[in-house]
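Here, each number is a calculation from the coordinates, and none is a lab measurement. Note that the structure is a prediction, hence the values are computed from the model and not measured. Here the Cβ positions follow ideal geometry from the backbone for every residue, glycine too, while neighbour counts run over all protein chains shown.
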Amino acid sequence: MTVRDSSRMPTYFISHGGGPWPWMKQELQTRYAPLAAALADMPRQIGRKPRAVLMVSAHWEAPAFTVQGAARPGMVYDYYGFPEHTYQVRYASPGSPELAARTLQLIRAAGLPGDIDPERGYDHGMFAPMAVMIPEADVPVVQLSLLRGLEPEAHIQLGRSIATLRDEEVLIVGSGLSYHNLRAFGPAGEAASAAFDGWLGDTLLHHEGSTRTDRLLQWEQAPSARQAHPREEHLLPVMVAVGAAESDTATRVYHEGRFFGGLSVSSYRLG
């Protein structure tokens with residue numbers, strides 16, 4: 001029987017939606033309403049305010065696992081074709097140079113390549129969900145990059161290396177999307193997203209420990225894997241969340257089967 005420590009912060013893999021959706025009133029009230037409700041419920045699930053959030057966003061890749069080091073990060077508007085006002089939005093949470101240094105220390109101690117970027121700002125993989133999760137922006141947030149090459153094993157190892165932060169009141173969030181094929185979005189992606197989402201749910205909910213990890217490492221063998229993720233950057237944040245909580249039970253905290261008219265998408269909490 002696995003002994004679980006309820007005092008530890010959980011980890012999450014969240015589907016973060018598209019672009020700056022929280023600042024688009026009509027979208028927020030219609031197609032994004034279920035996702036918004038799920039994100040807004042996370043503080044209740046956690047039961048207390050974290051000391052800080054460490055977020056791995058699908059929208060940042062670097063030659064080493066790179067930690068955002070600014071005390072007051074700026075904004076990175078890494079989207080196009082949205083209303084003009086969405087290029088002026090701000091999520092004004094502070095950064096945490098202290099957490100950045102601690103994270104880098106843990107990464108390098110595990111023998112992984114690590115670096116700090118003192119200039120990097122917040123991208124929409126961070127600020128869109130955080131604007132709904134913690135709208136007060138009063139919790140420090142530090143972003144952590146993916147590693148170029150996108151090797152699943154490296155990202156599982158990253159999660160393992162930073163797992164101890166959970167005991168330091170740091171909430172680890174992997175921010176991606178459980179289906180990300182922009183050439184087959186909406187109804188065109190219905191079958192592929194349902195098949196892959198079913199496999200991902202089975203993997204996370206019905207397996208634990210090394211069995212679950214091994215299934216994730218072999219994700220390309222899953223039904224419709226490459227139709228769901230032609231490029232895996234939006235899936236890899238789940239590897240980090242699982243690596244940091246390998247012995248913990250997963251709970252699905254968000255699911256839709258008709259996202260954008262046909263997509264199956266989900267989010268999970270571990271611990």
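Quick notes on this one:
- Nearest-0.05 FRET efficiency for Glu168 and Asp202, computed from C-beta distance (R0 35 Å): 0.65
- Put in order of Cβ neighbour count within 10 Å, fewest first, the listed residues Tyr268, Tyr91 become Tyr91, Tyr268.
- Residues Met55, Met75, Met9, sorted so that the one with the fewest Cβ neighbours within 10 Å comes first: Met75, Met9, Met55
- Simple point charges give the picture: +1 on the Cβ of Lys and Arg, -1 on the Cβ of Asp and Glu, and for the range 11-270 a dipole about the Cα centre of about 340 debye.
- Estimated FRET transfer efficiency (Ala40, His85; beta-carbon r; R0 25 Å; 0.05): 0.70
- Once the chain from Ala101 to Leu182 is taken as fully extended at 0.36 nm per residue, the excess over their C-alpha distance is 25.6 nm.
- Residues Lys25, Lys49, arranged from fewest to most other Cβ atoms within 10 angstrom of their Cβ, appear as Lys25, Lys49.
- Computing FRET efficiency as 1/(1 + (r/R0)^6) for Ile116 and Lys25, where r is the C-beta to C-beta distance and R0 is 30 Å, gives about 0.20.
- For the range 178-219, the residues whose backbone nitrogen is under 13 Å from a point 7 Å from the Cα of Glu246, taken along Cα to Cβ, are 208-217.
- The range 25-87 and the range 225-265: distance between their alpha carbon centers, rounded to Å: 16
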